[in-house]
């Protein structure tokens, strides 16, 4: 029997045990390894080569411990020992995935600054918190901490009259004009009532002049003191950092307001200050470029210190470089959970249908959850098998109790029971979630929906797709899904034929409300849903776009508002970058061969493919055609502070920071994790917010006041 | 429920994607169910482990000590050696929007500031003390240091939240230089701050004129006006820019803020004359007509006492619902009314140019909900020239069956429509899915598929009529089975 594992240098390493073992024991060993290693990593078990176990290099030798507790025959035990031993060697020789910096430091920094700010307003005070700041705040502080700094009562900002008897009011808010107007009204109402209070606004992550102007205009400037809480980054997981600014997307890409550019730059500066510099920065997109410039200015202003860099490379990417990916239905576990239950700030609320009880529970979904961390990146179809295997193992573990004597029982309770219980709980939760997701998806004919999406991505049977979308609209099925399909159709086809556009728009308005006229205007402006210009061939359009890009110095753009809308060129890009694998090939989702697995093997996320290509080429050389189709705005700069030879061997050189401006999806994160494993590096995702198709489109709706 | 529909099977098999199905009797699903049972059946004492799942709440952990004060943190970040940060040099830098050919660039020469004492434009002196104490330098040199700064220096100060003064930017050229500088550093916050200053110190005609050539600044200005709710000025601006369609939409958007339906209707009427694109003009006209009709229908239905309203009391008002919802409502409560009444389905269908397909779908849903199978039948009945009745549908009958099933139609009704499905594969999968035994049995019989019949028999109740029917078929020696 052959046990092999792959080393970092991609050479296969084999471990032959066949000579030592009898064939019946081979089976036992195989079974054993599979069982033990499931918990530690994913051993490849190749169906065509049943006598070969292929251990993942990231597999931690956790089996050693298990081996002791499980009554393995001595021969098997020694065989395992020898396998584990060689694995150990492999680990010390070639380090596996580099360790990640400890981002909890960022939480501590934010908490300390908040405390400092609260202490600036001594005495008892009531604290009003913006609704969307509650969850982020929850992640870094808690009530006890607030109470210790003399916060009396906590309220959610609801833009309604308040009931508070406190003499000091503190507002912890995002810098939004509407909220500041509400506070001004409160202050003025107090003045009229002859009531004296102290007011303090803490803007996070920064304050805007427009907000202060409101205070001034409302005559309360001076009555209200203001401060900034520079809470730029919330670590959501070991490898996910979020700015928690969902409005970044609409403000920047639809409204063309660059208010968050400096914020993103400041976030990068914070990371660099705390964790060290980088050797190379790549980016693509208008906003990416501005963020880079802003970051550069900030760094030049402040002094820096030399220290070992913790990131090799930084990649900045605008969301509008790739709209296709976030518009696709997600089918990896974490993405699917987000699509269906909405993960909020790293936590999800599972309703009674999942918990099989009458109450809902909130669960943190991150690498701490041992069950979740193993299925989060898996294609949904693999999750069942994993969970049932896990359930069987659990049963076996519990069964051990039978026939134990007192001493053994004592050891069992002390060492294992708690872990088992925890696992049990998590397991039943995720099984419940899978079951509920399955039900929901069956109800909405998910397969047909996926089939349509895949056809659109492939450019296959477009007429049938249009008919499907039309019926989807006619039946008034999910308003967002209809819009999503329309946008996918438009982007992949470079806009809709005039007659299709008009007819589909008319039917959409009939089904979901005429006020969506405004939504359509927004989508058109962003280039998400467009009508092909009559008689305009691709080349004409391209030269027009080319002109727009080249005439940078000319401030005058005839059509100022449509200047940001651009052709997607998806088909050509897809061909060039081989985003859609050739038809007819079998794709085994259990053994993914590329990042396409996150979309059932049908499509490699454009954003991730770009990252892969640029990292591989160490720049944009050779990708001129691709960047031209993406409307240029790409850049690559080499870090000035590096003495690169000295560091090339350190772990840090294998950490890549990817910043998504305008949000990124869990599918993209999964794809990057996969890429990291393939290439022996780790990706840290920094995003303005976690997004998905619903969030993206909801940000562009204009159908309510 | 049965296995995946053949159409899907075919798709999955013929394409590169490995099938995973969401049908709930699928192997994996039952596997999952089994696992669930297994997990749930494991008996553990349900004590003290409630807190094993991390929860998101406001309570909990003991407080950690504040190890670093924020000041210490800040200083640790700042300290260190100087190093220059690399610039993007491979591609031309972003356009310094507007600065290239604008009037202001002709006046780049620095104008000498006046010597008068200034106070900062928009921020009172007390506020400086709170976050910029280092700026309280002696003013012994006789001139005010913040009013003496170049546009570049002023913008830098604004970026850093230091005191600044916009007072000295009085000439148009200076104002525009300031604006262009703000745009050049990509800081939206500062761009808006400068725009607020320009808004106060320039007439709107001049400001609009200058913004026309400055796209980035213009977009900031429009967004600022939107957020401030300065609708009137915004409409004026768009008009001045010649962006009439945008102006029309902006104006139309206002209707969302009007709660009273009468006033909303009147407002929509006033929108009709706005310069929308041709398409949108039709839609806005529809919007007005729709609300007008809805108000009439609502007024009469609120006090209606027809049988149907008692049997199925209205759950919500019809006001502000989409056209298709209104049609559904009308098919539900006002079916069969003559075209002359506003509330009749035919009137709504005609007024809003609803396609036949859409109409059938909606009417089907409404009548099926009411279990009026007769109405359902007559939706599809057509007479040919010989006088025979035949069923025809603009939507596939498999879709019809699906809708009927969702409205819990009885098997007899489903069966009839399953039989009308053209595609034999779709027909079989429909029959299997909705348990139309006769159709299934007949199909297998026609296919001469003995094996499938045997398999299907096992799923049926012993001695049910269907069971016996299969039994008879299997015993029939005249059929030449293919397997």
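Considering (1) more than 12 Å from every other protein chain (Cβ to nearest Cβ); (2) crowded, with 20+ Cβ neighbours inside 10 Å, the lone condition that residue A:352 does not fulfil carries the number (2).
Of all residues in segment A:158-184, those satisfying the criterion of being in a loop (DSSP other than H, G, I, E, B) and at pLDDT 95 or above are A:174, A:175, A:176.
Can you find even one residue in segment B:377-391 that is within 14 Å of another protein chain (Cβ to nearest Cβ), over 25 Å from residue B:292 (Cβ atoms) and either surrounded by fewer than 20 Cβ atoms within 10 Å (Cβ to Cβ) or without any contact (Cβ under 8 Å) to a residue 12 or more places away in the chain (or both)? Scanning segment B:377-391 turns up no residue that is within 14 Å of another protein chain (Cβ to nearest Cβ), over 25 Å from residue B:292 (Cβ atoms) and either surrounded by fewer than 20 Cβ atoms within 10 Å (Cβ to Cβ) or without any contact (Cβ under 8 Å) to a residue 12 or more places away in the chain (or both).
All of (1) in a helix (DSSP H, G or I); (2) within 11 Å of chain B (Cβ to nearest Cβ); (3) more than 30 Å from residue A:499 (Cβ to Cβ) hold for residue A:373 with one exception: (2). Considering (1) within 14 Å of chain B (Cβ to nearest Cβ); (2) surrounded by fewer than 21 Cβ atoms within 10 Å (Cβ to Cβ); (3) on the phi > 0 side of the Ramachandran plot, the lone condition that residue A:513 does not fulfil carries the number (2). None of B:233, B:207, B:211 is more than 12 Å from chain A (Cβ to nearest Cβ), closer than 21 Å to residue B:193 by Cα and more than 29 Å from the chain's Cα centre (by Cα) except B:207.
Determine whether residue B:171 is away from chain A (no Cβ under 14 Å) and modelled with pLDDT of 90 or more.
On the way: away from chain A (no Cβ under 14 Å): yes; modelled with pLDDT of 90 or more: yes.
In short, yes.
Do we have any residue at all in segment A:356-363 that's closer than 21 Å to residue B:36 by Cα, under 14 Å from the mean Cα position of the chain (by Cα) and in contact (Cβ under 8 Å) with a residue 24 or more places away in the chain?
No, segment A:356-363 has no match at all.
From the set of residues in segment A:155-193 that are over 30 Å from the mean Cα position of the chain (by Cα) and within 14 Å of chain B (Cβ to nearest Cβ), which is nearest to residue A:245 (Cα to Cα)? Steps first, please.
Looking only at segment A:155-193, we keep the residues that are over 30 Å from the mean Cα position of the chain (by Cα), and these are A:159-170, A:180-193.
Still in the running and within 14 Å of chain B (Cβ to nearest Cβ): A:159, A:180-182, A:184-185.
Working: A:159: 20, A:180: 18, A:181: 21, A:182: 21, A:184: 24, A:185: 26 Å.
Out of the qualifying residues, it is A:180.
Report, by residue number, each residue of segment A:204-227 that is away from chain B (no Cβ under 11 Å) and within 39 Å of the chain's Cα centre (by Cα). Matches in segment A:204-227: A:204, A:205.
May I ask you to verify whether residue A:390 is more than 7 Å from chain B (Cβ to nearest Cβ) and loosely packed, with under 15 Cβ neighbours inside 10 Å? Break it down stepwise before answering.
On the way: more than 7 Å from chain B (Cβ to nearest Cβ): yes; loosely packed, with under 15 Cβ neighbours inside 10 Å: no.
When the stated conditions are applied, residue A:390 does not pass them.
Scanning segment A:494-536 for residues being without any contact (Cβ under 8 Å) to a residue 60 or more places away in the chain and assigned to a loop (DSSP other than H, G, I, E, B) gives a total of 8.
Checking B:411, B:400 one by one, the residue that is within 30 Å of residue A:474 (Cβ to Cβ), buried (at least 18 other Cβ atoms within 10 Å of the Cβ) and out of contact with any strand residue (DSSP E or B) (no Cβ under 9 Å at 6 or more places or on another chain) is B:400 and no other. Only a single criterion out of (1) in a helix (DSSP H, G or I); (2) free of Cβ contacts under 8 Å to residues at least 40 places away in the same chain is not satisfied by residue B:348, namely (2).
The values are calculated or read from the model by the stated rules, or taken from the named source; none is laboratory data. No experiment lies behind these values; they were computed from the predicted model shown. As a convention, Cβ positions derive from the backbone with ideal geometry for all residues, glycine included, and neighbour counts pool all protein chains shown.
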